[in-house]
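The values are calculated or read from the model by the stated rules, or taken from the named source; none is laboratory data. All values reported here derive from a predicted model rather than from experimental measurement. Don't worry about glycine lacking a Cβ; one is built from the backbone with ideal geometry, like all the others, and counts go over all protein chains shown. Note: accessible area is taken over every heavy atom of the protein model, side chains too, but ligands, DNA and RNA are not part of it. Shrake-Rupley method; radii C 1.70, N 1.55, O 1.52, S 1.80 Å.
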Amino acid sequence: MYMFLSDLGRIVPDVPFIVPAVGWIPVHTNIHVGSSEYFNLRAFHSLAILSPTSGREVTRVFKEEADSVAEIRDIPPFVATVPHIIDRERLMKWATKGLERMRLVDPATVSRELRQEKSPQLVFDKGNGQARVPPHPIFSEKKEYTDTFVVLMQNGNYDDFDRKGWDMGLQAFSKFYKRHESDDKMTKRRIHLYVHSMESYNLGKDMNNNEEPPGALKPAGMNLMRRLHSLGLPRSAYTIDYNVHEPEVVAALKRRASVCLHVSKVEGFGMNMLECQALETKVITTNYTAMADYTRWGERVPYRQTVWSGDTSVEMAMVDVDATVDALDRIYDEFRGVGVSADQGGTEQDEYVFKDKALVEKWIDKSFSKEKVDNAFHTLILKAEEVHITRMYMHYTRAEKKVAPTYYEEPMFRLAMGEHSPVVDWKEPWTILAPRGLRIPNLDKLQHELYAWTVINRNDVAVFTVKTVYSDSNGEVPLMDKTGSLHPHYPIFIRTYLVAGMQARLTRRVSLAQKGLEHAMARNTGKIMEKMYFVVDRATLEDHDDTFYNYYGNNDEKEGADLSAEAYVYSSPGEL
């Protein structure tokens, strides 16, 4: 049994799993047949998807796949929604311990001392001459500080497309702060933003024995200090904490906060917002994906629009900043004891949000308990074994025949011609990236070769090259051009899952083919198909038009993947 807990981008479905495989995966995007995410998920035997919205999306795609084929040759994985475990009582104990210590010294000192207590044999936090720093004022027991309305933003800050929604959250806090700035001068009640950010260089330390990263390392993510400065906020209005803290301190920050502001653009699960709710702190989130599923104590703010992240193929939501400010206002009114009463939970219109804190506790304890997750995985393991056995039986039944189905019964490849490859939306295991003018002398032989490599042998070959000649008898097409790059006239066979993954950033056929070839050479997964050859027509090569359209809505697209290879096949080699 193989169990995999990771993001989808770290999976390469080059060969079938030889043992039952369970994937416990946060899904951040819409899935469609032919996408790299589809191929990655399809490889598993059972899937534990972390949120209900994503679980329904994955189930929908596999149902569409089943409805679209006349004959079932393989079965999809079993899908269930299985969250992470959240131990509310342990979080509370951590928070209580952290808050007790943070009344005496600052959070960074508390984390250092806790690390030393837990692992006295480790000395990476010892002997550096760090003094015990006085406590941060918001953790003091003095009335003037306990009356501070603390907005916590606690998240990772390590990607260039700001998936965690730092910019919108900071904008919302700035507007909220300035709206109440004059009120606070009269009441002496303060509003304070506490930013706890996991920076990209800290991730680097974690993966490099806690060594300090070199100064030349360029950080990823948003420059939070610069952004706060540009918003015109006074330095007294915010704290930026870049430290890697122990769990007790992380939980204490959530427990002390008056509200957790978590307006991510997309979430596969949303551990931070759930831990805040488990610690009885309200959250403000984006009403999108897992955040919409798991916000039960606080407010789900609508989003204005979606934005596409090409590098990761994720459709993300941009939260409504003004609506976020209004949500902060409502929770601030509860904090001050004015307006909406403190036991109302969220907005009156959102019936999904609980009105009673006790209901939140019951929901957390029931929905994210160890027992529930254990039972779900017991089922997933059994289902994975069933799917694995069924797939193996179907595979051996097909392989024993040793006769490949015809291209029209079960095509093993899709032909994608032209200078710009169309976006993959097909399931054929191979894609031929080819210039216009390609001719395939023997379709049946090609189909048989690919079937043998893919279905019968089931090896990890990712790229094939095929000898290709010009139709005017003017020689063979060279593999490389004068610059050492792949020759633009040379066709390349690439596994479709690989093409789909590369299309997150690449559109030109030659670029996709070049990167695929490099991938195969680096992993020794490239082969030459010695028993085949292709032909390209030079006149067609020199007279092409790279305009995409299908104006009349028929199947005769001007550019792109041809549903049938028939137009590019000679009936016999003798016609050459």
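Scan segment 454-470 and tell me whether some residue there is among the β-branched types (Val, Ile, Thr) and touching a Ser or Thr at 6+ places or on another chain (Cβ under 9 Å).
Taking segment 454-470 and keeping what is among the β-branched types (Val, Ile, Thr), we get 454-456, 461, 463, 465-466, 468-469.
From the residues that got through so far, the ones that are touching a Ser or Thr at 6+ places or on another chain (Cβ under 9 Å) too are 461, 463.
Looking for residues that are among the β-branched types (Val, Ile, Thr) and touching a Ser or Thr at 6+ places or on another chain (Cβ under 9 Å), one finds at least one in segment 454-470, hence yes.
Name the residues in segment 146-174 that are assigned to a loop (DSSP other than H, G, I, E, B) and crowded, with 23+ Cβ neighbours inside 10 Å, would you?
Restricting attention to segment 146-174, the residues satisfying the condition of being assigned to a loop (DSSP other than H, G, I, E, B) are 147-148, 158-165.
Matches in segment 146-174: Lys164, Gly165.
When you scan segment 208-218, do you find a residue that is within 22 Å of Ala108 (Cα to Cα) and open to solvent by less than 60 Å² (accessible area, probe 1.4 Å), even just one?
Scanning segment 208-218, I find at least one residue that is within 22 Å of Ala108 (Cα to Cα) and open to solvent by less than 60 Å² (accessible area, probe 1.4 Å), so the answer is yes.
Going through Glu113, Glu100 one at a time, which residue ends up being without any contact (Cβ under 8 Å) to a residue 40 or more places away in the chain, open to solvent by 70 Å² or more (accessible area, probe 1.4 Å), over 21 Å from Phe269 (Cβ atoms) and among the acidic types (Asp, Glu)? Walk me through how you get there before you give the answer.
Details: Glu113 fails: open to solvent by 70 Å² or more (accessible area, probe 1.4 Å).
Of the residues listed, the single one that is without any contact (Cβ under 8 Å) to a residue 40 or more places away in the chain, open to solvent by 70 Å² or more (accessible area, probe 1.4 Å), over 21 Å from Phe269 (Cβ atoms) and among the acidic types (Asp, Glu) is Glu100.
In segment 470-526, what count of residues is obtained for those that are charged (D, E, K, R), at pLDDT below 90 and within 19 Å of Met417 (Cα to Cα)?
Total satisfying the criteria: 1.
In the set Gly9, Gly34, which member is of a type outside the set (Val, Ile, Thr) and open to solvent by less than 40 Å² (accessible area, probe 1.4 Å)?
Details: Gly9 fails: open to solvent by less than 40 Å² (accessible area, probe 1.4 Å).
Sole residue among the options that is of a type outside the set (Val, Ile, Thr) and open to solvent by less than 40 Å² (accessible area, probe 1.4 Å): Gly34.
State which residue is least open to solvent (accessible area, probe 1.4 Å) when the search covers only segment 284-293 and only residues that are touching a residue at least 60 places away in the same chain (Cβ under 8 Å) and within 15 Å of Arg56 (Cα to Cα). Quick ask: steps written out before the conclusion?
Filtering segment 284-293 down to residues touching a residue at least 60 places away in the same chain (Cβ under 8 Å) leaves 286, 289-290, 292-293.
From what's left, within 15 Å of Arg56 (Cα to Cα): 289-290, 292-293.
Details: Thr289: 23, Ala290: 0, Ala292: 19, Asp293: 17 Å².
Per the stated criteria, the residue is Ala290.
Taking only segment 227-243 into account, find how many residues are part of a strand (DSSP E or B) and open to solvent by 30 Å² or more (accessible area, probe 1.4 Å).
Residues of segment 227-243 part of a strand (DSSP E or B): 238-241.
Pick out the ones that are also open to solvent by 30 Å² or more (accessible area, probe 1.4 Å) and you get 240.
Of the residues in that region, 1 qualify.
For Asn554, state whether it is in a loop (DSSP other than H, G, I, E, B) and either modelled with pLDDT of 90 or more or within 24 Å of Val33 (Cα to Cα) (or both).
Working: in a loop (DSSP other than H, G, I, E, B): yes; either modelled with pLDDT of 90 or more or within 24 Å of Val33 (Cα to Cα) (or both): yes.
Judged against the criteria, Asn554 is a match.
What is the residue count in segment 244-269 for residues that are hydroxyl-bearing (Ser, Thr, Tyr) and surrounded by fewer than 24 Cβ atoms within 10 Å (Cβ to Cβ)? Write out each step before concluding.
Going residue by residue through segment 244-269, those that are hydroxyl-bearing (Ser, Thr, Tyr) are 258, 264.
Going one step further and asking which of them are surrounded by fewer than 24 Cβ atoms within 10 Å (Cβ to Cβ), we end up with 258.
Going through segment 244-269 one residue at a time, the tally reaches 1.
Look at Arg296 and say whether it is in contact with a helix residue (DSSP H, G or I) (Cβ under 8 Å, 6 or more places away or on another chain), at pLDDT 95 or above and assigned to a loop (DSSP other than H, G, I, E, B). It would help to see each step written out before you state the result.
Values: in contact with a helix residue (DSSP H, G or I) (Cβ under 8 Å, 6 or more places away or on another chain): yes; at pLDDT 95 or above: yes; assigned to a loop (DSSP other than H, G, I, E, B): yes.
Yes, satisfied.
Among His28, His32, which is the only one that is out of contact with any Gly (no Cβ under 6 Å at 6 or more places or on another chain), under 21 Å from Ala504 (Cβ atoms) and of a type outside the set (Asp, Glu)? Lay out the reasoning, then the answer.
On the way: His28 fails: out of contact with any Gly (no Cβ under 6 Å at 6 or more places or on another chain).
Answer to the selection: His32.
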